[in-house]
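Here's the structure, in structure tokens; my notes come after.
Please treat every number below as a calculation from the coordinates, not as lab data. Just so it is clear, the model here is predicted, and its values are computed rather than measured. Note: ideal-geometry Cβ built from the backbone for every residue, glycine included; neighbour counts use all protein chains shown.
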Amino acid sequence: MSIGLNIENLKNSLPKEVTLVAVSKTKSNAEIMEAYEAGQRVFGENKIQEMASKWEALPKDILWHMIGHVQTNKVKYMAHFVDLIHGVDSLKLLKEINKQALRCQRSISCLIQIRIAEEETKFGLPQEELIELLEAAQELKQVKIVGLMGMASFTEDTNQILHEFDLLKLLFDKTKTQYPNCSILSMGMSGDYELAIEKGSTMIRVGSKIFGHRNYS
Ligand SMILES: *Cc1c(COP(=O)(O)O)cnc(C)c1O
């Protein structure tokens, strides 16, 4: 299957209110252009410098999403162009995003990453700390918090995954009543996006199902 066909098939299978982020980390500009030619405009990367060099080289109507963990000292390399930062999990990071957005005279949209997986290794804010962070963020005029993001455990146990997505959806619904701008729920990857959509995801981040397996060598 070609990348273009994968994109078309996937898009046709999605409810129209679900946004597809094509996760292009480690993939070449030529591969990204194949998806672009098939109409895809939203791409996700997990390394800031890699994303910045792709932004430089590729068409400027691409919307670049940072989906990985963000180091505070690297925000400056993407502040002038990033469309959405998915992995925000601390006030310190939000403050730096605010500062860099101000320097670029723009506002930057962010999702708060919530820790939903049972695994120890995942990044993300414990859900009890969300409201406090949202309150504090109101002072930061250059950042817009537009939703939540989460990653389920890497497991074959479908019930476990559904349970974790459920937790995030509940928190999302609760948050939205108090913060109506919180309208994006980013959950679901190649292995679990169908479950995520079933549980109310509005944005899925799909890499290998579009581009094939990644080669990190
Ligand atoms: C790599 C990555 C994805 C995409 O993973 P696939 O399994 O290839 O679809 C989604 N979200 C995040 C945060 C990632 O790092």
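Couple of notes before you dig in:
- Distant-in-sequence amide contacts of Asp89, defined by a placed amide H-H separation under 5 Å and a gap of 5 or more residues or a different chain, comprise Gln113.
- Check: the chain dipole with +1 on Lys, Arg Cβ and -1 on Asp, Glu Cβ, in debye: 940 debye
- Here each label is just a point 7 Å from Cα along the line to Cβ, and for Glu17 and Thr72 those points are 3.8 nm apart.
- Distant-in-sequence amide H partners of Gly44 (H built 1.01 Å from N, under 5 Å): Ala22, Val23, Ser24, His65
- Of interest is the spacing of the C-alpha centroids, which for the range 47-101 and the range 147-217 amounts to 20 Å.
- Derived scalar couplings between HN and Hα for the range 184-193 equal 10, 10, 8, 8, x, 10, 3, x, 9, 5 Hz in order, rounded to whole Hz, by the Karplus curve 6.51 cos²θ - 1.76 cosθ + 1.60 (θ = phi - 60°), x for Gly and Pro.
- Separation of the Glu120 and Leu133 label points, Cα + 7 Å toward Cβ, nm: 2.1 nm
- The value of relative contact order for the chain, using C-alpha pairs under 8 Å at least six residues apart, is 20 percent.
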